[in-house]
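Below you'll find the structure, written out as C-alpha cells, and then a few comments.
Only the coordinates and a few stated rules stand behind these numbers; no lab work does. Note that the coordinates shown come from a computational prediction; the quantities given were computed from them, not determined experimentally. With ideal geometry, Cβ positions are generated from the backbone for all residues, glycine too; neighbour counts draw on all protein chains shown.
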Amino acid sequence: MKKLFQNRLSLEALMSYMKHHKECFQYNAKLLFKNPMKLFLIIIPISIAISLVLVSYILIKNINNNLIDYEHEKIILFLKKDIPNNYVDDIKKNISKKNNIISIDFYTEEESLNLYSKINSRDNVVNNLSFNPLPKTIIIKRKVIDYDYDYDYENNDLNIFLENNAYIDSYSSNIIFLKKTIYIKNILYKFLIFALIFLILILINVINNYIKIEVTSNKNKILIYRIIGARNSYIRREYMYFPIVLNFLCFLIGFILAQFITRYFSNSIGDFLYSYEIQYSFLNISFVEAVLMVFFIIIIGVTTCKIVINRFLDEDF
C-alpha cells in the first residue's frame, strides 16, 4: 500500500512537471505572435544571418564536390609527331624530378583521341574527321602547395623546362581556372566565418534584450514564486522555450531564403561549368546538416537565455 501511494505521488509529480513544461511552451509560442511587428523585427535579421551561413556553406560544398579534380594543376603536353620513343622517356624522367609532381601519364595518338572523345562527348568535329588530328600527349598532375593568389606559377622549373624542350610542340594548364577557384573558395570560407559570428552576435543580443524586458515586466510574479519557495530552475523554465521556438522558426525562414539564393547561383555556375565540359551536380544541405544547424542555433539561444536569466535572478532577487 505504501509503495502504491509513493508511485501515485511520483506519477502526479511527473504529470505536474509535464503540465508546467506545456504551459511554458504555450506561453512563449503565444508571446512570439502577440506582437507581429516586434516578431518581424526579431525574425528577419536572424533569418538573414542563417541564410548567409547556409548559402556560403552550400556553395563551398558544391565547389568541393564538383571541382574536386581541379584541386591539382593539370598540364597537357602536346608532343611533336617526329619525337623518338626514347625522348618520351627522357621527358618523363626529367619531369618526375620536379617538385610536387603527383602523376605523369603518356598517351599515343589513338589513346589521345579516345580520351578527348570521352571528355568532350558533345564535340562531334573530331569524330567526323577522316584522320586523327591529335598528337602524342603527356598529362601531368602537379600538387599546388602555395594557395597564394599572387604566386607566380608560370615562372618555375617545370614551366621553364617545358618552354625550352624542342620536342614539346605546346602545352596547356588549368592553373588560371584553379587559381580563380581557390580564390573564390577562400572568400567563401571567410564569408562563412563572418556569417557565423554575425549570427551568434544577433542571437545573443536578441535573447539578452528579451530576458531584460520579460524579467522586468514579470518582477512581481517572480517575487511571488520566490516567496512560495520556487527554485530558479522552475522560474527559469518559463523563459527557456522562447529561444527554441524563435530559432526553429528563424531557421525555416532562413532555409527557404537560402534555397532561392543558391538555386540562382547554382544555375549560373552550372551554365558556366557546362561550357567548360565540366559535369556539375547541385548538392543541397542534407537532413543531418540541417538538424545540426538547428541544434547549433538552439543551443546558443538556450545557453544565452540561461546565463542571462540566472544573472538577473541573482542580481535583482
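Can you list, bin by bin at 5 Å, the percent of alpha carbon pairs in the stretch 186-295, starting at 0?
Calculated P(r), rounded to whole percents: 2, 8, 12, 16, 14, 11, 9, 8, 6, 5, 3, 2, 2, 1, 0.
Please give me the summed charge of the neighbours of A29: other residues whose Cβ is under 14 Å from its Cβ, Lys and Arg +1, Asp and Glu -1.
Details: positive: K22, K30, K34; negative: E23, E238.
Value of the local net charge: +1.
With each label point set 7 Å from Cα along the Cα-Cβ vector, what nm distance links I307 and K180?
About 4.4 nm separates the two model spin labels.
Cross-link candidates for K81: which lysines have Cα within less than 21 Å, leaving aside residues fewer than 8 places away along the same chain?
K92, K93, K136
Given a cut-off of 24 Å, name the pairs among K30/K212; K19/K306; K61/K98 whose C-alpha atoms lie farther apart than that in the structure shown. Walk me through the numbers on the way to the answer.
On the way: K30/K212 18 Å; K19/K306 21 Å; K61/K98 32 Å.
Table pairs above 24 Å Cα-Cα are K61/K98.
Using packing as a proxy for protection, rank 210-223, 231-244 so that the peptide with the highest average count of other Cβ atoms within 10 Å comes first. Show your work: numbers first, answer last.
Working: 210-223: 14.8, 231-244: 18.1.
Taking the mean over residues of other Cβ atoms within 10 Å, the ranking is 231-244, 210-223.
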